[in-house]
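For reference, the structure discussed in these notes is given below.
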Amino acid sequence: MYAQEVKSTGKAVKSLEEMTPEERVFQTRIDADIKIEPKDWMPEGYRKTLVRQISQHAHSEIVGQLPEGNWITRAPTLDRKAILLAKVQDEAGHGLYLYCAAETLGVSRDQMTEQLLAGKAKYSSIFNYPTLTWADIGAIGWLVDGAAIMNQVPLQRCSYGPYSRAMIRICKEESFHQRQGYDIMMKLVKGTPEQKAMAQDALNRWWQPSLMMFGPPDADSIHSAQSMAWGIKQNSNDELRQKFVDQTVPQATYLGLTVPDPDLKWNEEKGGYDFGEIDWNEFFEVLKGNGPCNKERMEARRKAWDDGAWFRDGLMAHAEKRAARKIAAE
Amino acid sequence: MTADDGFDETLFELALRMGDNALILGQRVSAWCGHAPVLEEDIAMANVGLDLIGQTKLWLGLAGEIEGKGRSADDLAFLRADRAFRNCLLVEQPNVDYAHTLMRQYLFDAWHLPMLTALKQSAEPRVAEIAEKSAKEAAYHLERSSDLVIRLGDGSVESHERMQAALNALWPFTGEFVAPDDVDKAAASRGLGPDLSAIAERYNETTAAVLRDATLSAPADAPVRKGGKEGLHSEHLGYLLSEMQWLQRSHPGAQW
Ligand SMILES: [Fe+2]
Ligand SMILES: [Fe+2]
């Protein structure tokens, strides 16, 4: 998802007997659904895993501004321009809430930003794909925000209080994001043949990357068990992916679009769709930095940060001058 | 200037000018989304952009109504040629850097607020109504941009230099806002819009005070650069419009 492949401790989950007394109290609270707050004792592994997960999530919101921001100046109507601008602004806001949540765990926003810009922190693979046509803006809202909701709704119940509360605020906005995306697709499929072709092409390109958002198959997901025991992950990758496919295929049908998967078939027995193999090789390449836009996305973020240094320094210098003047006047 | 067929050209021009200023500046500002120096600025700039696009819809909607030829706000925004745009030259000046962007915003806001405040008294109720709503937003924009101009002007050596360079580049474009032409005079004589010399006075007072606090100085005897109000633009506008209008124009008649 926005946090794919979050490294946890890499060790097996301890049983209550193996735990220290502190760990036992902590785990009992989690099992009783009592939120962990910043001042509470927590295992170092829990703290580290959360920092990784929340910061990856925050970075995804921030980098995620870029592919859609790419179309704000070219949006086809004033309403679409305003809606898209508001949507991308929301994503920046999500980044802000999440950085604040991560800061309660003792890491600063500047530190997290520096890690991102140094290429040491990850963000979701999905934002390394290009937005080539206006229909991509529709497809992102519909599929990418749709997948995000699927993952984030359970995260509202996350064991860490500040993260859970951030997710509650974020989820309220995400459903608007998905609706505006679907609405764009709707307009396109009802439009000219060129518009309809644009919509199908966008679905063709975004389908697989959207499925990859849920992370690698459960069998290869080594860090999930501990995260689930700690209540910072509620559902497995495959579970959520299945749910997403089951929800999205009928929506594509309603749009009159074809999901680009020859193996897609309703499976009566499991009450869900069977779908084709995902190209995990591509996924790992994108995570490694070899996706179509990794370089551009990081360059854009670095440029924003570097070009903005004088601005941040200038405000700081002013604050210092003002403080000095205040002291001088006293 | 009401023609025999009832077309009120003065009112039409007034609405277009207000709408085009908002549209072109909104377009410029929204290009920062995702690229601003800090996250809070991404959000704040997007707010300003959203307000301006919202105002555009109202002003251009009114312009279309007055024209009476069935053109919508979108038609006017996306299907008009550059010579038909009526924004002042300042707002079409490129973003360059964040200093230019903020200075351009400030120099616009310092005119926009007193202009809208005066338009609340317009003899045309539809104008007064849009001004009423927009003035609240403009007041917030001016508060924000003057605060940043002061802090960055009186900030570090580099931030001071950048803000001064932006002021030097942009100051010549400010005269156009407050130099009345025939349309402005006709509007004022009918009570549709204000007497621009009163706005000029306000403008000079507020900018002098803010620039003084910012330790910046406006270039003396800068020539006034104008033409946008009559549709004579700088070369920058053509590029802005080709980006903004491209999708609409490449699918004639399509719905989005
Ligand atoms: Fe988001
Ligand atoms: Fe979203």
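The values are calculated or read from the model by the stated rules, or taken from the named source; none is laboratory data. Just so it is clear, the model here is predicted, and its values are computed rather than measured. Note that each Cβ is placed from the backbone with ideal geometry, even for glycine, and that neighbours are counted across all protein chains shown. Ligands, DNA and RNA are excluded from the accessible area calculation, which covers all protein heavy atoms including side chains. Shrake-Rupley method; radii C 1.70, N 1.55, O 1.52, S 1.80 Å.
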- Query: Of the residues that make up region A:46-56, is at least one more than 18 Å from the chain's Cα centre (by Cα), open to solvent by 20 Å² or more (accessible area, probe 1.4 Å), within 11 Å of another protein chain (Cβ to nearest Cβ) and charged (D, E, K, R)?
  - Reply: no
- Message: Every residue in region A:308-330 that is open to solvent by less than 80 Å² (accessible area, probe 1.4 Å) and either touching a strand residue (DSSP E or B) at 6+ places or on another chain (Cβ under 9 Å) or at the interface with chain B (Cβ under 7 Å from one of its Cβ atoms) (or both), please.
- Response: A:308, A:310, A:311, A:312, A:314, A:315, A:317, A:318, A:321
- Message: Restricting to region B:64-88, give me the number of residues that are among the aliphatic types (A, V, I, L, M) and farther than 17 Å from residue B:244 by Cβ.
- Response: 1
- Query: Looking at A:186, A:228, which is the one that is within 13 Å of chain B (Cβ to nearest Cβ) and either on the phi < 0 side of the Ramachandran plot or within 16 Å of ligand 2 (Cβ to nearest atom) (or both)?
  - Reply: A:186
- Conditions: (1) of a type in the set (Gly, Ala, Ser); (2) within 11 Å of another protein chain (Cβ to nearest Cβ); (3) touching an Asp or Glu at 6+ places or on another chain (Cβ under 9 Å); (4) within 16 Å of ligand 2 (Cβ to nearest atom). Residue A:135 meets all but one. Number of the miss? (4)
- Note on the structure: Residues of region A:110-145 being among the charged types (D, E, K, R) and either more than 16 Å from ligand 1 (Cβ to nearest atom) or under 20 Å from residue A:282 (Cβ atoms) (or both), in sequence order, are A:110, A:114, A:120, A:122, A:136
- Every residue from region B:60-81 that is more than 9 Å from every other protein chain (Cβ to nearest Cβ) and open to solvent by less than 30 Å² (accessible area, probe 1.4 Å): B:61, B:62, B:63, B:64, B:66, B:67, B:76, B:80
- Where residues in region A:65-104 are near ligand 1 (Cβ under 10 Å from one of its atoms) and under 17 Å from residue A:184 (Cβ atoms), which of them is most open to solvent (accessible area, probe 1.4 Å)? A:90
- Residue list for region B:171-198, filter: open to solvent by less than 30 Å² (accessible area, probe 1.4 Å) and assigned to a helix (DSSP H, G or I): B:172, B:173, B:175, B:176, B:177, B:178, B:183, B:184, B:186, B:187, B:196
- Across region B:85-99, what is the total count of residues that are of a type outside the set (D, E, K, R) and either farther than 24 Å from residue B:115 by Cα or within 14 Å of chain A (Cβ to nearest Cβ) (or both)? 5
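Okay, residues lined up against (1) under 27 Å from residue A:79 (Cα atoms); (2) more than 14 Å from chain A (Cβ to nearest Cβ); (3) at pLDDT 95 or above; (4) open to solvent by 70 Å² or more (accessible area, probe 1.4 Å):
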position	(1), (2), (3), (4)
B:209	no, yes, yes, no
B:212	no, yes, yes, yes
B:216	no, no, yes, no
B:221	no, yes, no, yes
B:227	no, yes, yes, no
B:238	yes, yes, yes, no
B:244	yes, no, yes, no
B:248	yes, no, yes, no
B:255	yes, no, yes, yes
- By my count, helices (runs of 4 or more DSSP H) wholly in region B:1-96 with at least 3 residues that are over 25 Å from residue B:178 (Cβ atoms) are B:39-67, B:73-78
- Message: Given (1) within 14 Å of chain A (Cβ to nearest Cβ); (2) open to solvent by 30 Å² or more (accessible area, probe 1.4 Å), identify the lone condition not met by residue B:156.
- Response: (2)
